[in-house]
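Read through the structure below, which is laid out as structure tokens, and then see the notes.
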Amino acid sequence: MKRFVEIIIILTTVVGCQKVKELSVPEKEAYLTIGDSISNQVQAVLLSNVSQKIQESGVVQAIEFCSEKALFFTDSLSVNHQVKIQRLTDRNRNPNNGLQSEMDQKIWNEFRLNPKNNQQVFEDNGSVFYYKTISMGMPACLRCHGDKETDIEPETRAYIQMKYPNDLATGYELGTLRGMWKMEWKR
């Protein structure tokens, strides 16, 4: 019986490993280039709109705007580029943005352990996946994601707690890893 279990484990490992294929160097470079371009575009659109909303109406209204419109911008760019785009993190505010698969967790851990490695691309089971880190890059981001006592105003904290009672997305500092982009192209 013990030998049978060992064989099943080996076969499962071998079959599982065979699903991940190595992209050719030109394919890998092309996906890294387009993934980087799309993630920069999505990030710029989101940051621009949130910054504008903060200036117009304040941080609380920007949170409301972000919760309602961020998905719209991401989805419209997904359609435009024919790719599924997600923002993921281990400390999410929106429950839909948590790490969703074992591969997401694996890539997240690799990014945390090796900050210089900020992009990955590979083929798995008929899809090409691209991941890229998202860092806390602007002081304005700390007004919602920084230290609860020193960076986030009491009114903002109260609104976040009301809107997202299970919020995990605070306590960040500038330059720290905040999340990652994930893109998927079907082949």
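A short reminder: the numbers here are calculations on the coordinates, not readings from a lab. Fair warning: this is a prediction, and the values are worked out from it, not measured in the lab. Here the Cβ is made from the backbone with ideal geometry for all residues, glycine too, and neighbour counts use every protein chain on show.
Observations on the structure shown:
- Option label - Rg and Dmax of the Cα atoms in Å computed here, alternatives (1) 19.1, 68; (2) 19.9, 76; (3) 21.0, 64: (1)
- Relative contact order of the chain, defined on C-alpha pairs under 8 angstrom at six or more residues apart (%): 27
- Degrees between helix 25-57 axis and first principal axis of the chain (Cα, 0 to 90, nearest 10): 20
- The angle between the Cα long axis of helix 102-113 and the main principal axis of the chain comes to about 70°, on a 0 to 90 degree scale.
- Filtered GluC sites (Glu not before Pro), the stretch 94-187: DSSP coil and at most 12 other beta carbons within 10 Å: Glu149, Glu173
- Counting only DSSP H runs of at least 4 residues, each contributing -39500 (n - 2.57), and dividing by the residue count of the chain, the helix-based mean residue ellipticity at 222 nm comes to -18000 deg cm²/dmol.
- Angle between the chain longest axis and helix 2-19 axis [Cα atoms, degrees, rounded to 10]: 60
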